[in-house]
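Reading through the structure tokens given below for one structure.
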Amino acid sequence: MKKKFILAIVTILSIVSYSCSKDDNDNTQNADLIIGKWNGVSSTFNGTNSGVPDNTPITFTSDNKVSFTYLGQGNNGQDFNENGTWQKTGNTLKITWDSADPGLEVATFTITELTSSSLKWQSTVDGKILTENFIR
């Protein structure tokens, strides 16, 4: 009888522990955290300041749309937007751009920090590390 009772307690604790998994909660919260407008703070390419996305806004929506505005980077110093869709799995963020040069349609980033006020990611471009930081 005692063995059955202990087995029942262990089974119940296992089920409760699994259903309340910290990872499940973190994935849901982190997916929600990325939604909104972010402003670029800094960008380094292989350790050197690249200037973009300094002050550049990027917006993630709950329907998985993304818009990145390049301030003053277009023809005659005009702003221009790149639009696409985003998907976040764990710490990996994939952005698929609606219009991009061949081979650049999908950008993949490793999120190194995601809080309610800070977003930091890294990617590898031509074997070099691109690091970008954003704030709300």
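By a 1.4 Å probe calculation restricted to protein chains, residue 68 has an accessible surface near 10 Å², given to the nearest 10.
The stretch between residue 126 and residue 46, if pulled fully straight at 0.36 nm per residue, gains 27.8 nm over its current Cα-Cα span.
The values are calculated or read from the model by the stated rules, or taken from the named source; none is laboratory data. What you are looking at is a predicted structure, and each value in this text was computed from that prediction instead of being measured. Just so you know, the surface numbers come from the protein's heavy atoms only, side chains and all, with ligands and any DNA or RNA stripped out. Shrake-Rupley method; radii C 1.70, N 1.55, O 1.52, S 1.80 Å.
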